[in-house]
1. Can you tell me which condition residue 325 does not meet? The list is (1) in contact with a strand residue (DSSP E or B) (Cβ under 9 Å, 6 or more places away or on another chain); (2) within 30 Å of residue 379 (Cβ to Cβ), and all the others hold.
2. Scan the stretch 86-103 and report the pairs whose first residue is at positive phi and whose second residue is surrounded by fewer than 17 Cβ atoms within 10 Å (Cβ to Cβ) and assigned to a helix (DSSP H, G or I), with Cβ atoms within less than 6 Å and a gap of 6+ or a chain change.
3. Among the residues that make up the stretch 140-156, is at least one of them more than 22 Å from residue 351 (Cα to Cα), within 16 Å of ligand 2 (Cβ to nearest atom) and not in a helix (DSSP H, G or I)?
4. Check off (1) touching a strand residue (DSSP E or B) at 6+ places or on another chain (Cβ under 8 Å); (2) surrounded by 23 or more Cβ atoms within 10 Å (Cβ to Cβ) for residue 208 and give me the number that stays unchecked.
5. For a quick check of your reading of the model, give me the residue pairs whose first member lies in the stretch 300-314 and is farther than 17 Å from residue 336 by Cα and touching a residue at least 40 places away in the same chain (Cβ under 8 Å), whose second is away from ligand 2 (no atom under 14 Å from the Cβ) and outside any loop (DSSP other than H, G, I, E, B), with beta-carbon atoms closer than 8 Å and at least 6 apart or on different chains.
6. With the structure loaded, tell me whether residue 370 is in contact with a helix residue (DSSP H, G or I) (Cβ under 9 Å, 6 or more places away or on another chain) and more than 25 Å from residue 81 (Cα to Cα) or whether it fails that test.
7. May I ask you to list the residues in the stretch 215-237 that are in a helix (DSSP H, G or I) and in contact with a strand residue (DSSP E or B) (Cβ under 8 Å, 6 or more places away or on another chain)?
8. Here are some conditions: (1) at pLDDT 95 or above; (2) outside any loop (DSSP other than H, G, I, E, B); (3) over 25 Å from residue 369 (Cβ atoms). Residue 35 meets all but one. Which one does it not meet?
Ligand code: OSB
Ligand code: MG
């Protein structure tokens, strides 16, 4: 649980206004993936996107809950997040006028866990605040970059030939870093072979917790391949074994699943469990925590990068804004819309330049137009939570 003392008090908003939110809408939208995405915990061929919108004074802000349908990457699912938002978080958000992001984070802090649910609402709040105050998300959080370098995360493939074909494709599209998903049986061998074909590319691997410390000696072979990092090799909530493993490795360990908030970040760094942090706004509970983690890592000179959760354009737009902060020195898992979906829910869709760069939008809020007609056409479920007679108490 986040204690109130841990809630970020970073004065991030350049300009803020009190907002009285009238309603929260929860939508699920199924988008087919261009190709299946396989990780150490399974394969999916479509993404049930969970969109959250909040409305005040006729203006609507958009966020995304990145939870999956099944509890593999995290215990949260679309179902748990719907319950927690409907029954706890939305009522807290609607109960009274919101002063700022910290006010919202404090209201959520008495509810334990459910970071992805919290983040969905924080994201929608920040988009709305940007629109109401005439600022882009990047401006709101004091981002410093106008463009960001990006990489691609490649799922486990049916064969090495398929993998090499994908690596070549994304390199030719300009992506600055290739990340390979690994699992037992799809690890040292494929990394060696990709390295043989591409001696100089920036290459990393992500195990999504598929190993235990007893695999340490085996995984030590990865040290040979000059990887940028090994992401989350061990248990999803472990810091101790990662510290042992990091001590034995030359390659930097990066934590994803284990980093659930600012306190865990501090502990991971104090224990030397990793040298790099993957920040996902959803996993850590929204902007309030993501900003605190960024600031902490920045002050300790720990490189961070922005992870992805196969988001629609709405979640992706928030990731782009986050990655405009100065500490995001490594390419993010922020790929072009076309890497995931035939059609995205925002206009224009996210595109990556031939040198692997995404421009940070300057329009108000998320800085993209939400394609409401397409969202409506693809909506599977819709639920509305409204403020009851003036104020909810
Ligand atoms: O571990 O980073 C991960 C996707 C879903 C769940 C977890 C992860 C991922 C990715 C894809 O690696 C990143 C992306 O391109 O969105
Ligand atoms: Mg990961």
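The values are calculated or read from the model by the stated rules, or taken from the named source; none is laboratory data. A quick note: this is a predicted structure, and the numbers were derived from the prediction, not measured. For neighbour counting, all protein chains shown are included, and Cβ atoms are generated from backbone atoms with ideal geometry for every residue, glycine included.
1. Checking residue 325 against (1) in contact with a strand residue (DSSP E or B) (Cβ under 9 Å, 6 or more places away or on another chain); (2) within 30 Å of residue 379 (Cβ to Cβ), the one that fails is (2).
2. Once the first residue is at positive phi and sits in the stretch 86-103, no partner that is surrounded by fewer than 17 Cβ atoms within 10 Å (Cβ to Cβ) and assigned to a helix (DSSP H, G or I) comes close enough.
3. Narrowing the stretch 140-156 to residues more than 22 Å from residue 351 (Cα to Cα): 140-142, 156.
Then keep just the ones that are within 16 Å of ligand 2 (Cβ to nearest atom); that gives 156.
Restricting the remaining residues to those that are not in a helix (DSSP H, G or I) gives 156.
Checked against the condition, which is being more than 22 Å from residue 351 (Cα to Cα), within 16 Å of ligand 2 (Cβ to nearest atom) and not in a helix (DSSP H, G or I), the stretch 140-156 yields at least one hit.
4. Status for residue 208: all satisfied but (2).
5. Correct list of pairs: empty, since none qualify.
6. Values: in contact with a helix residue (DSSP H, G or I) (Cβ under 9 Å, 6 or more places away or on another chain): yes; more than 25 Å from residue 81 (Cα to Cα): no.
Against the criterion (in contact with a helix residue (DSSP H, G or I) (Cβ under 9 Å, 6 or more places away or on another chain) and more than 25 Å from residue 81 (Cα to Cα)), residue 370 does not qualify.
7. Matches in the stretch 215-237: 219, 222, 225.
8. Of everything listed in (1) at pLDDT 95 or above; (2) outside any loop (DSSP other than H, G, I, E, B); (3) over 25 Å from residue 369 (Cβ atoms), residue 35 misses just condition (1).
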